[in-house]
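Report on one structure; see the data block that follows.
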Amino acid sequence: MIYMLKEKNSAGGGKFSFFNFLKEKESNQAELINVKESILYLKNKIINEKYEITREEAIFLSQIPNNDMKTLGILFDAADQIREAFCGKYFNLCTIINAKSGKCSENCKYCAQSVHFKTGADIYGLISKELALYEAKKNENEGAHRFSLVTSGRGLNGNEKELDKLVEIYQYIGKHINKLELCASHGICTKEALQKLADAGVLTYHHNLESSRRFYPNVCTSHTYDDRINTIKNAKAVGLDVCSGGIFGLGETIEDRIDMALDLRELEIRSVPINVLTPIPGTPFENNEEVNPFEILKTISIYRFILPKSFLRYCGGRIKLGKHAKTGLRCGINSALTGNFLTTTGTTIETDKKMIKELGYEI
Ligand code: SF4
């Protein structure tokens, strides 16, 4: 069991720096407040009053030790109840195809496709519209809700030829699919390029923040956190939905993850991919220490407290949670990237659907 410590201020009176909702009690030294009471209080305030939790409150939740199963269980249940209250039982499945691979000018330190690192990743140019359609139809028939083309590279700015080809591919797919929604992930983009994608039938633009503003310079130096924010704002400005999240295990702190979630809340992001780093030999992050699975689950729960209405989407590296992956589906997650991910092996749509239905979700 952990507790929140109430410090005495110099004037002798007790004052919480946060959680001022908790009734102060008389104490000579400091006061111990049961964290369970705090979790449940916050959960009820979010569900009943649409309360937005503060950074301090999120950090307080993050201080639950990774081996305190009893308290973590209370946190997970509370996150699950928030998910149910705001999102119901619906579970969303998306799929992607690596539509252009390798030779990227950028230096994102986790990525197999950067030209700066020797990783042995596949190198090929933009795939044909026929192959893109084949993959889209296959995923649609297997039950996916969304399908995205993902291309390596800094972005589409100054690359009109690639943009035109992508527009042709999206229009071609659009003519042959039924309910499948089209998403796109092509890096840094102007409003004009994004407008063309929207006109071609794309509904959602994917562009991760990856980490916090503070930590981002440790991840990539060839473009900035603000470049990413600007692309997200450009996509929203032309009416696209935005899917944006990040990767856990880059060397960031849990506070960094919380800061990223708070930025996503400010940007009103409704779909948040949560990746766990799969260290790729040859990249600067190849020897990164693994994040404790319970810390990942704790972070997912805190994300649900911060982003009650969003799709929290299990993505690359979730396989690293092993037998605990199911717990994630009951502590805030309500969507997933399924099938094979870019350069790391994922899972199959069939396996995911079975597991998700067993847990009571509707697909
Ligand atoms: S911009 Fe995309 S493809 Fe290029 S290195 Fe970064 S993550 Fe990899």
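Show log10 I(q)/I(0) for the range 34-83 at q = 0.23 Å⁻¹, two decimals, from a solvent-free Debye sum over equal Cα scatterers. These q points yield log10 I(q)/I(0) values of -0.86. Label-to-label distance, Lys45 versus Glu130, with points set 7 angstrom from Cα along the beta-carbon direction: 6.0 nm. Electrostatic tally near Leu166: other residues with Cβ closer than 14 Å to its Cβ, Lys and Arg +1, Asp and Glu -1, net -1. Counting Lys and Arg as +1 and Asp and Glu as -1 over every other residue whose Cβ lies under 13 Å from the Cβ of Lys138, the net charge comes to -4. For the chain, the longest principal axis of the alpha carbon atoms and the long axis of helix 69-87 meet at an angle near 60°.
Pairs from the table (Lys50/Lys70; Lys50/Lys191; Lys50/Lys89; Lys100/Lys354; Lys165/Lys326; Lys89/Lys138) lying more than 29 angstrom apart at Cα are Lys50/Lys191; Lys100/Lys354; Lys165/Lys326. Each Cα pair under 8 Å and six or more residues apart adds its separation to the average, and for the range 247-363 the resulting relative contact order is 25 percent. Here the Debye sum runs over all C-alpha atoms of the chain as equal scatterers in vacuum, and log10 of I(q)/I(0) at q = 0.11, 0.14, 0.15 Å⁻¹ comes out as -0.75, -1.17, -1.33. Per-residue Cβ neighbour counts within 10 Å put Ser185, Ser105, Ser212 in the sequence Ser105, Ser185, Ser212, beginning with the fewest. Each principal axis of the range 271-363 carries a Cα extent, and these read 40, 30, 24 Å when sorted largest first. Modelled spin-label separation between Thr253 and Asn34, with each label point placed 7 Å from Cα along the Cα-to-Cβ direction: 3.0 nm. Fully extending the segment from Asn157 to Lys191, taken as 0.36 nm per residue of separation minus the present Cα-Cα distance, adds 11.2 nm. In summary, the lysines within cross-link reach of Lys320, defined as a Cα separation below 16 angstrom excluding same-chain residues under 8 places away, comprise Lys298. In this calculation the C-beta distance from Asp199 to Ala85 is compared with R0 = 41 Å, giving a FRET efficiency of 0.65.
Values quoted throughout were computed directly from the atomic coordinates according to the rules given, and no laboratory measurement underlies them. In this text the structure is predicted, and so the values were computed from the model without any measurement. Cβ sites come from the backbone with ideal geometry, for glycine too, and all protein chains shown count toward neighbours.
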